[in-house]
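Below is one structure, written out as structure tokens, with a few remarks after it.
Every read-out reported here was derived from the displayed coordinates using simple, explicitly stated rules and does not represent laboratory data. Everything quoted here is computed from the prediction, not taken from an experiment. Heads up, the Cβs are rebuilt from the backbone with ideal geometry, glycines too, and the neighbour counts pull from every protein chain shown.
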Amino acid sequence: MSFIFHLFRFVTSLIFLIYLINIHEIEKQILVDEFDDPEFLEFAITPKMLVELIKEKPTIGNAIAKEVFVEMVNTGKNAQSIISERNLTQLSDVNELDTIATNVIGKNPQAVADYKSGKKNALAFLIGQTMKATKGKANPKILTEIIKEKITGLK
């Protein structure tokens, strides 16, 4: 394969990387030894693999997409196989999210009071705590609706 093709593959991957992930964050996770390897231009991720990851992103979310990208770089596997192997699909079950959100709200009465008194960042805190409880797998749109509904429904 030509140098131009390899360069294109590498640059495409880097553009996606910069778009998706803070470069300093990824430096810690990608195997650093690979950068010293003269075969580095034989980059494991093809443009087709990046497109597949981009297509999966709405169903897995940003946090999981970052994990998948790092795994793709380190192993050369495609996004779908990593998502399946590690069970990284996004949690969108309303009943399950409702249960988790109820638990988080119950443990954080001050954040609920803060939100009700007009502090909008308290909602972000509760969403963050729920995302933490689901290991980043919760669907943020559904989760936000559930938490807002629960907080405004509390008297």
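Would you kindly state how much longer the chain becomes between T46 and S117 on full extension, computed as 0.36 nm times their sequence separation minus their alpha carbon distance, in nm to one decimal?
On the way: separation 71, 0.36 × 71 = 25.56 nm, distance 5.01 nm.
Gain on stretching T46 to S117: 20.5 nm.
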> Using 7 Å Cα-to-Cβ label points, what is the D93/K55 separation (nm, one decimal)?
Replying inline: 2.7 nm
> With θ set to phi - 60° and the Karplus curve 6.51 cos²θ - 1.76 cosθ + 1.60, what are the ³J(HN,Hα) couplings of the range 64-73 in order, to the nearest whole Hz, using x for Gly and Pro?
Replying inline: 6, 4, 4, 4, 5, 4, 4, 5, 4, 5
>> Based on the alpha-carbon set only, what is the convex hull volume of the range 51-152 divided per residue, in Å³?
In response: 96 Å³
> Tell me, in nm to one decimal, what length is gained between T102 and K135 on full extension, where the rule is 0.36 nm per residue of separation less the Cα-Cα distance?
Replying inline: 10.2 nm
